[in-house]
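The values are calculated or read from the model by the stated rules, or taken from the named source; none is laboratory data. Everything numeric here is computed off the predicted structure, so don't read it as measured data. Cβ coordinates were reconstructed from backbone atoms using ideal geometry, including for glycine residues, and neighbour counts include every protein chain displayed. Quick note on the areas: whole protein, heavy atoms, side chains included, nothing else; ligands and nucleic acids left out. Shrake-Rupley method; radii C 1.70, N 1.55, O 1.52, S 1.80 Å.
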Amino acid sequence: MKLIRLLIVLLITSSLFAELYEPHRFIEVGVDAEAGVSNNYFRADEVLVKDLVINVQKMAKDLSSGGLTIDYMVNSGAFIGLNFGPKFRLKIFTEVEGSGYVNAPHDLFDLLGNGYTAGTDVDFQMEGYADLYTSFGASFHTTIFQKYGITVTPAYFVPLAYVERTVANVNVSSTMDGTTVARATAPIEVYSTASLRPYKENDFSSSTITSDVTSSLKNGGFDLSLAVERPLLKRLDIGIFARIPIMPATLNHKMTMNAYASYTVNNLLGYLDDTLETSNDYGIDDIVYTSGEGKKVWRPFRMGIEGAWRPFGTWCTFRPMFAMVVRNPYISGERIVYPEFGLSAEAALFNMLGINFSTAYKSRVFVQQLGFMFNFRAVEINIKAMLRGASFISSFNWSGAGAYVGVRVGF
């Protein structure tokens, strides 16, 4: 809190105005697309091979107590911007964003790698979650008192699908004659603003889609983003920002289903003379559709500070950032708090050709990024390649990857 008070005082007492992000065109239309996936163990060169070999004994030894986690993220959008000077900047946008993860506990790999005693049962759990949102909003930026840049961004969001933290129960049992059976069951609950039954059963029409879109828009949520920026020094600009959840989306429909899988090994000793017998079964059953659930969902609360330091002029910019994020901020028992931070360096030649590097920790994943900018005035193209990982070290080991492409057109 003392740090936040100090930053606010510095914002109020400094004297010159500049912008953290200056637009390149007066009027522009843009599209963005970004996706990434990562895990906390496998490297890409170990997975992308013709014959995949997994050493579970080594995994049991090397994995942390948290087990194996695989996560993903997607983010895409489009906007129209009007940039008529620091006093008037308006952007209308729409976005789609989603994330999720699956975690397998260390006990699973310990069992597979180190074996078990015949005639015993072993139980453990796997877990995961997923969400997908679409949002619509407008961002307005202006300057007040010739010193402060103020940006206000109201946004209306609709969860397209929301899967709460789901736990799968796994049981491995064995008999003295060498028969081993592994069973897993996971009760999955998918919440939505419209019923998923017609789409799952392929029984929908244009009128169904229109009705569902109308229903979804009526049950969306609302949040408000605010940002204040201004320079502290001649070449250092700084800003504070926050996204505040105001109204939750209401998910009135739920699809409940039971996912199951089983794997049986008969005559385990047959592995030695090629008489091993195996069988498996998996699928989804017990699908039930209900309505009137009234599940409340907020987008994460986010508050932080960022800066733009240009020690050598406008052609070179360093951008530090730190934020605190709260997922499910108003739901007791589901609240998750974590930090986000990053540092990037950008260099541009006559604002036409640019290169940027960044290291960051976002959504509980470390990201190393290299990007290029090509600005031909009427058309601007940004491309970025990313390495992702659960730790800072693993993010350099190709345990995850991502890509971003952004295009702006205007004058």
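I'd like to verify a number: residues in the range 385-411 that are surrounded by fewer than 19 Cβ atoms within 10 Å (Cβ to Cβ), part of a strand (DSSP E or B) and touching a residue at least 40 places away in the same chain (Cβ under 8 Å), how many?
Qualifying residue count, the range 385-411: 7.
Any idea which residue in the range 324-341 is most open to solvent (accessible area, probe 1.4 Å), counting only those that are over 16 Å from the mean Cα position of the chain (by Cα) and in contact (Cβ under 8 Å) with a residue 24 or more places away in the chain?
Only one residue tops the list, namely 330.
Yes or no: residue 378 small (Gly, Ala, Ser), surrounded by fewer than 13 Cβ atoms within 10 Å (Cβ to Cβ) and either modelled with pLDDT of 95 or more or farther than 16 Å from residue 405 by Cα (or both)?
Against the criterion (small (Gly, Ala, Ser), surrounded by fewer than 13 Cβ atoms within 10 Å (Cβ to Cβ) and either modelled with pLDDT of 95 or more or farther than 16 Å from residue 405 by Cα (or both)), residue 378 qualifies.
Of all residues being crowded, with 20+ Cβ neighbours inside 10 Å and under 26 Å from residue 397 (Cβ atoms) in the range 27-38, which is nearest to the chain's Cα centre (by Cα)? Just the residue, please.
36
Only one of 90, 3, 7 is modelled with pLDDT of 90 or more, within 30 Å of residue 242 (Cβ to Cβ), surrounded by fewer than 18 Cβ atoms within 10 Å (Cβ to Cβ) and not β-branched (Val, Ile, Thr); which?
So the residue among 90, 3, 7 that is modelled with pLDDT of 90 or more, within 30 Å of residue 242 (Cβ to Cβ), surrounded by fewer than 18 Cβ atoms within 10 Å (Cβ to Cβ) and not β-branched (Val, Ile, Thr) is 90.
Got at least one residue in the range 235-257 being more than 25 Å from the chain's Cα centre (by Cα), buried (at least 19 other Cβ atoms within 10 Å of the Cβ) and touching a residue at least 24 places away in the same chain (Cβ under 8 Å)?
Yes, the range 235-257 contains at least one residue that is more than 25 Å from the chain's Cα centre (by Cα), buried (at least 19 other Cβ atoms within 10 Å of the Cβ) and touching a residue at least 24 places away in the same chain (Cβ under 8 Å).
Would you please list the contacts, defined by Cβ atoms under 6 Å and residues six or more apart or on different chains, that run from a residue in the range 93-111 that is in contact (Cβ under 8 Å) with a residue 40 or more places away in the chain and under 18 Å from residue 123 (Cα atoms) to a residue that is assigned to a strand (DSSP E or B) and open to solvent by 20 Å² or more (accessible area, probe 1.4 Å)?
111/122
For the range 152-250, which strands (runs of 3 or more DSSP E) that fit wholly inside it have 2 or more residues that are touching a Leu at 6+ places or on another chain (Cβ under 7 Å) and under 29 Å from residue 109 (Cβ atoms)?
Of the strands (runs of 3 or more DSSP E) lying wholly inside the range 152-250, those with at least 2 residues that are touching a Leu at 6+ places or on another chain (Cβ under 7 Å) and under 29 Å from residue 109 (Cβ atoms) span 180-192.
Which pairs do you get when a residue that is modelled with pLDDT of 80 or more, found in the range 161-179, comes within reach of a residue that is crowded, with 19+ Cβ neighbours inside 10 Å and not in a strand (DSSP E or B), reach meaning Cβ atoms under 8 angstrom, with the pair 6+ apart or on two chains?
If the second residue must be crowded, with 19+ Cβ neighbours inside 10 Å and not in a strand (DSSP E or B), the pairs left are 170/108.
Output the number of residues of the range 213-268 satisfying the condition of being among the hydrophobic types (A, V, I, L, M, F, W, C) and in contact with a helix residue (DSSP H, G or I) (Cβ under 8 Å, 6 or more places away or on another chain).
Counting residues in the range 213-268 that are among the hydrophobic types (A, V, I, L, M, F, W, C) and in contact with a helix residue (DSSP H, G or I) (Cβ under 8 Å, 6 or more places away or on another chain) gives 5.
I'd like to know if the range 128-146 contains one or more residues that are outside any strand (DSSP E or B) and surrounded by 19 or more Cβ atoms within 10 Å (Cβ to Cβ).
Checked the range 128-146: no residue is outside any strand (DSSP E or B) and surrounded by 19 or more Cβ atoms within 10 Å (Cβ to Cβ).
Please enumerate the residues belonging to the range 204-225 that are of a type in the set (A, V, I, L, M) and either within 16 Å of residue 133 (Cβ to Cβ) or surrounded by 15 or more Cβ atoms within 10 Å (Cβ to Cβ) (or both).
213, 217, 224
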